[in-house]
Amino acid sequence: MDAVKKGLTCAALTMVAACSGLVAGCGGDSSAQPAAQTQMIFTSDAHYGIKRPAAGFFNGYSSGYQVNGAMVSVMNTISDVTTPCGDSGLNACQSVGPVDFIVEGGDIANRSEGATGNQTAATSWSQFKADYIDGLTLRNKYGRQSSLFLIPGNHDVSNAIGFYKAPMNAADGSGLDATSYVQIYNLMMSPATALTNAAFVGASPSAATAAASYLSNRINYSKDINGVHFVFITMWPDSTARAWIDNDLKNVAATTPVILFAHDQPDIETKHLTNPNGTHDINATDKFENMVTDVAASATTSGTSTTEQRAMVAWLKTHKNIVAYFHGNDHINGTYTYTGPDNDISLNVVRVDSPMKGSLSATDPSKLTFKVVTIDAAAQKMTVRDYLWYTKRWGATTNISLVPRTN
């Protein structure tokens, strides 16, 4: 039920949508783009639970609930927007048309640390649900509601397993709130028995119980859509995720393009690695956050993640059909080529702005962006367009080859 292939019946497509919690009636094909193409929207780092720097800066909006809601309302109109003419991208100078799915790249909730504590993950999830699950009205080429694919971010994970600041480091586990993580897990993994916050952190909440739950309940899944294999993983391709992907790709042809979605950038932040010191716990002295399985080679978070990146690069070289890597986390919009710490790989990378914490848009709302992505496996091409949603105009266009990498 996690495969969407060209030519599936309406009933099969409805089953796929159910996995993401979005099921709508089927209708006729009103597609403006060829049926074999795939179209998606990519956004990340919603950060419900915080406010933009100044109330009234953004049309009187400041909270994550207000700003994300405004962005979703613009997403709902994107199908009628005409793409740029002459940008050499797929379907240039045409209406965007149907959208197959939307990807949210993590950090749905903000961390709840602070002297008074920020909004809980449970409250943030309820607001996210209202906007993205109940509020999105986009339709795919079959007339059904577009699917929504989610991965967790470091803030979602921290809320679930603890952080080195109060109140999330409370010895009694009272600062833990795994709601956003477990809800992402339930929607994307469709377990026979839904995971609950209490089951994740323990009837008597404890960091040890939460850490064990995190290890055994990673959110890794994949989708086959129109000749492209999409892989979604928790945080970063660490050794655990790489083993899972190796197994996942056993039945995927080496010529099939694979697109990877993770929250962290390829050059993972050292602080997200597992603490190499003492009992390897999360503590205010070492400040490691234990987001991934890999234990840091650096003794401090100020060191580099070079060793861990080299392991990932060596693995990527065994899967040259991983042609693109999408991420959030750094709140920067754009596309770039990741060459690794030794300049011995060439991987197309797409990163996206945060509606709440953008490196540029936090002070200049005209830079607020989500990505509109069109993919044509037969043409071996992917077009990534920036949509500046506050000003409702197009930004940069990047065309990316889906041909397997040479290194």
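Values in this text are rule-based calculations from the coordinates and carry no lab data. Not measured: the values here are computed from a predicted model. FYI the Cβ positions are ideal-geometry reconstructions off the backbone, even for glycines, and counts take in every protein chain you see.
Net charge near P53, counting Lys/Arg +1 and Asp/Glu -1 over other residues with Cβ under 12 Å of its Cβ?
+2
Over the stretch 83-235, the ratio between the Cα radius of gyration and 2.2 N^0.38 Å evaluates to 1.23. Sorted fewest first by neighbouring Cβ atoms within 10 angstrom, H155, H319, H263, H280 come out as H280, H319, H263, H155. Given L90, M40, H272, which one lies farthest toward the positive end of the charge dipole of the chain, if we put +1 on the Cβ of every Lys and Arg and -1 on the Cβ of every Asp and Glu? Most positive-ward Cα: L90. Eigenvalues of the alpha-carbon gyration tensor of the stretch 278-407, scaled by 5 and square-rooted, set the equivalent ellipsoid semi-axes at 30, 24, 10 angstrom, largest first. Net charge dipole, the stretch 265-407: roughly 640 debye, given to the nearest 20, about the Cα centre with Cβ charges of +1 for Lys and Arg and -1 for Asp and Glu. Computed from the Cα positions only, the extents of the stretch 152-239 along the three principal axes stand at 49, 26, 20 Å, in decreasing order. Across the cross-link table entries K223/K381; K271/K381; K271/K357; K250/K381, which are compared at the Cα atoms, the separations over 27 Å belong to K271/K381. Placing +1 on the Cβ of each Lys and Arg and -1 on the Cβ of each Asp and Glu in the stretch 10-401, which of V74, S62, S180 has its Cα farthest towards the positive end of the resulting dipole? Among V74, S62, S180, the one farthest towards the positive end of the dipole of the stretch 10-401 is V74. With both bridge residues required to lie in the chain, what share of the DSSP beta bridges run antiparallel, to the nearest 5%? The antiparallel proportion sits near 60 percent.
For the stretch 280-292, backbone phi angles converted through the Karplus equation (6.51, -1.76, 1.60; θ = phi - 60°) give residue-by-residue couplings of 6, 8, 8, 8, 6, 7, 7, 6, 6, 10, 6, 7, 10 Hz, Gly and Pro being listed as x. For the peptides 240-252, 348-360, 100-112, 266-278, residues were scored by their other Cβ atoms within 10 Å and the scores averaged per peptide; the highest-first order is 100-112, 348-360, 266-278, 240-252. What you get for the stretch 34-133, charging only the Cβ of Lys and Arg (+1) and of Asp and Glu (-1), is a dipole of about 300 debye around the Cα centre. Summarising the amide proton neighbourhood of F370: residues at separation of 5 or more, or on other chains, whose placed amide H is nearer than 5 Å comprise Y387, W389. Judged by the mean number of other Cβ atoms found within 10 Å, the most tightly packed of the peptides 173-185, 394-406, 77-89 leads the ranking 173-185, 394-406, 77-89. About its Cα centre, the stretch 10-401 has a charge dipole of approximately 620 debye under the convention of +1 per Lys or Arg Cβ and -1 per Asp or Glu Cβ, with nothing else charged. Here's how it looks for A297: its modeled amide H is under 5 Å from those of E308, which are all 5 or more places away or on a different chain.
In the stretch 164-203, the alpha-carbon atoms span a convex hull of 61 Å³ per residue. Under the Kirkwood approximation for Rh and a Cα-based Rg, what ratio Rg/Rh is obtained for the stretch 10-401? Rg/Rh for the stretch 10-401 comes to 0.95. Karplus-based coupling profile of the stretch 194-203, in residue order and whole Hz: 4, 6, 10, 4, 5, 5, 6, 8, x, 4, with θ = phi - 60° in 6.51 cos²θ - 1.76 cosθ + 1.60 and x standing for Gly or Pro.
Pairs of Cα atoms nearer than 8 Å and 6+ residues apart set the relative contact order; for the chain it is 17 percent.
Amide H to amide H distances under 5 Å link A166 with G114, where only residues 5 or more positions off or on other chains count and H is placed in the peptide plane.
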